[in-house]
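Read the structure below first, then the notes.
The values are calculated or read from the model by the stated rules, or taken from the named source; none is laboratory data. Everything quoted here is computed from the prediction, not taken from an experiment. With ideal geometry, Cβ positions are generated from the backbone for all residues, glycine too; neighbour counts draw on all protein chains shown.
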């Protein structure tokens, strides 16, 4: 195989990294253990912001803000070149009680990417009563469509994709990766990039050092209205309702530490449905269209690891984005490309290189 880079993992991190490398003239092959874009990247709701950004460390919000700021142009480019519309939309978000309005106002005043308004919820959605915070800049994207567009663009740029390809060993000699042992045989390249999400630590094996990335299950529900009863994303505590343009409504999500278990449960289905009905009573009479689960790549404090391996100079990682892999994707790919090429970084990347723990 004559690729400059082998990328292990075909979710949004792998596809966006491949896209950037291909646009720089590199040859790239993506190895995916299952089907492209069908794990956590597909399963998420596509909110392009931390749920309440004032509750997260600066290392997270700097990266999500950078990523969210790139999304409009990124998705417009993808729509133009592929004909697939990822449906990027600055829909705004209503935050329902309980919330700390003073903390939110002070935080947003210090961060230009966000503004916050204390409002009556009924002024923004007639189906919801009471006080709320409104964040107009919060946007969303439809993950499955984004992934389809990314795949098509990567392939149109000459990227090669090998699905159902499991990496079982990283062969190292003299401080460099020499090859990968896979279910499709031995593969080699000049550089190797792990973007395997919740599986990244397993892929790295003995080379993971003290990397702390593990699967964290999240379950989601999907409903369909003729006309969406909501115009904005609605958040209460850790429950969110996301309206799509065509009447679909997503309800999520959970944080379940259950290992590599994709199964959905009736207990979570009922819990999410009941909580969502308290916000939007009309859900009581709606049929459930779909119920699924995804495995997020959980990392301490939601801070991903992006950059070169401390001991192997042709091995890189772009993983551990936890709940915000889609939001962070264009910024993470930008950081990794700058690391590989030696270009100046757009922000301080030190926090994203600390995950190796060495």
Is it fair to say residue 272 is closer than 21 Å to residue 210 by Cα and assigned to a helix (DSSP H, G or I)? no
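Conditions tested, residue by residue: (1) part of a helix (DSSP H, G or I); (2) surrounded by 13 or more Cβ atoms within 10 Å (Cβ to Cβ); (3) assigned by TED's automatic domain parsing to the domain that holds residue 199.
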site: 282; (1), (2), (3): yes, no, no
site: 291; (1), (2), (3): no, yes, no
site: 307; (1), (2), (3): no, yes, yes
site: 327; (1), (2), (3): yes, yes, yes
site: 332; (1), (2), (3): yes, yes, yes
site: 335; (1), (2), (3): yes, yes, yes
site: 343; (1), (2), (3): no, no, yes
site: 348; (1), (2), (3): no, no, yes
Subset of the stretch 171-183 that is touching a residue at least 60 places away in the same chain (Cβ under 8 Å) and over 13 Å from residue 6 (Cα atoms) - its residue that is surrounded by the fewest Cβ atoms within 10 Å (Cβ to Cβ): 175
Looking at 155, 137, which one is crowded, with 16+ Cβ neighbours inside 10 Å, within 26 Å of the chain's Cα centre (by Cα), at negative phi and outside any helix (DSSP H, G or I)? 137
Testing residue 355 on (1) touching a strand residue (DSSP E or B) at 6+ places or on another chain (Cβ under 6 Å); (2) outside any helix (DSSP H, G or I); (3) closer than 18 Å to residue 199 by Cβ, one condition comes back false. Which one is that? (2)
Consider residue 243 carefully, then state whether it is touching a residue at least 24 places away in the same chain (Cβ under 8 Å) and farther than 26 Å from residue 332 by Cα. yes
Within the stretch 51-66, residues being under 18 Å from residue 305 (Cβ atoms) and touching a helix residue (DSSP H, G or I) at 6+ places or on another chain (Cβ under 7 Å) number 8
Test for residue 92: is it surrounded by fewer than 21 Cβ atoms within 10 Å (Cβ to Cβ) and at positive phi: yes
With criteria (1) modelled with pLDDT of 95 or more; (2) in contact with a strand residue (DSSP E or B) (Cβ under 8 Å, 6 or more places away or on another chain); (3) in the same structural domain as residue 337 (by TED's automatic domain parsing), residue 42 comes up short on (1)
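Being assigned to a loop (DSSP other than H, G, I, E, B), closer than 20 Å to residue 130 by Cβ and at pLDDT 95 or above is the filter here; which residues of the stretch 231-255 pass it?
232
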Check whether at least one residue in the stretch 26-38 is assigned by TED's automatic domain parsing to the domain that holds residue 163, in contact with a helix residue (DSSP H, G or I) (Cβ under 8 Å, 6 or more places away or on another chain) and not in a loop (DSSP other than H, G, I, E, B), and report yes or no. yes
